[in-house]
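I have placed the structure first, in the form of structure tokens, so that the comments after it can refer back to it.
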């Protein structure tokens, strides 16, 4: 039987400094930042950190970013940030931050949208909603538990796919909605019930994406027999 109670997560610590050790481009509008924390990260797959920027006049802006890296007890984590039009924090991270810089962070945060790595899970992401799900996939692969997860990612075209060199595998299904790869048998189109894999009866679904995507994916997930009490949803919007 799948446990549906929130995972007991450690309380987030105080604000601290993290050093940017690497920056890499994922797509034309997304970059992954590897951060070295002052202490080993105790995050769970699905949790997030808050990044706070402080201007010389004291003005602050903060945004939450899901952790993309698997929990491994190291002091380094990865976050992937989409650059949003007029986004205060995302624009600064994309345009100004380089390896060696320091950022103010707080976390990890969240106790509901997390996967322990020990139970069946169906992961469904839309666009940048793949980020916390990638932490779950990486955890499954690194612990030899890939059989427990199935990831379905819906994205407009191959150029918009995050983690393109790493994500494909027997656990994953990539759905292109507007323009697909020439080798694809499936024609581009929205996610449908036929795109969802068969999962164990006690699987928990983790859905992450925009509100319209999350609503549609939830309906499809219920359609394949997963009850609402075993569906966990994380929605995001353009907060910048």
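Summarising the label geometry, the points placed 7 Å from Cα in the beta-carbon direction at residue 95 and residue 143 lie 4.1 nm from one another.
Please determine, in degrees from 0 to 90 and to the nearest 10, the orientation of helix 211-223 with respect to the longest principal axis defined by the Cα atoms of the chain, where the helix direction is its Cα long axis. For 211-223 against the chain, the angle is about 30 degrees. Semi-axes of the equivalent ellipsoid for the range 121-235, computed as √(5λ) from the eigenvalues of its C-alpha gyration tensor and ordered from largest down, come to 20, 17, 13 Å. For the chain, what is the percent of antiparallel DSSP beta bridges, rounded to the nearest 5? Within the chain, antiparallel bridges account for around 60 percent of the total. What the Cβ-Cβ distance of residue 201 and residue 102 gives, at R0 = 45 Å and to the nearest 0.05, is a FRET efficiency of 0.40. Among 207, 224, 79, the largest mean-square fluctuation in a Gaussian network model of the chain (Cα springs under 10 Å) belongs to 224. The label point for residue 190 and the one for residue 109, both projected 7 Å from the Cα toward the Cβ, are 3.2 nm apart.
Compute the Cα gyration tensor for the range 171-240, then decide on rounded, prolate or oblate, letting a ≥ b ≥ c be the square roots of its eigenvalues: rounded whenever a/c is under 1.5, prolate when a/b is larger than b/c in the other cases, and oblate in all that remain. Cα axes put the range 171-240 in the oblate bin. Highest mobility in the GNM of the chain, judged by mean-square fluctuation with C-alpha springs under 10 Å and restricted to 130, 185, 152, is found for 185.
Could you check which residue among 186, 24, 141 shows the biggest mean-square fluctuation in a GNM of the chain with a 10 Å Cα cutoff? Largest GNM mean-square fluctuation: 186.
A full extension of the chain between residue 54 and residue 159 corresponds to an added length of 34.5 nm, given 0.36 nm per residue minus the alpha carbon distance.
For the range 16-109, just run the numbers: alpha carbon Rg, then divide by 2.2 N^0.38 Å, N being how many residues it has.
Values: Rg = 12.5 Å, N = 94, 2.2 N^0.38 = 12.4 Å.
Relative to the 2.2 N^0.38 Å estimate, the range 16-109 comes out at 1.01.
Calculated mean residue ellipticity, 222 nm, the chain: -4500 deg cm²/dmol, from DSSP H runs (n ≥ 4) at -39500 (n - 2.57) each, averaged per residue and rounded to 500. Paramagnetic label reach from residue 166 (point 7 Å along Cα→Cβ; backbone nitrogen cut-off under 14 Å): within the range 30-44, residues 31-35.
Any read-out appearing in this document is the output of simple, stated calculations on the displayed coordinates, not a laboratory observation. Because the structure is predicted, anything quoted here is derived from the model rather than measured. Every residue, glycine as well, gets a Cβ built from its backbone with ideal geometry; the counts of neighbours run over all protein chains shown.
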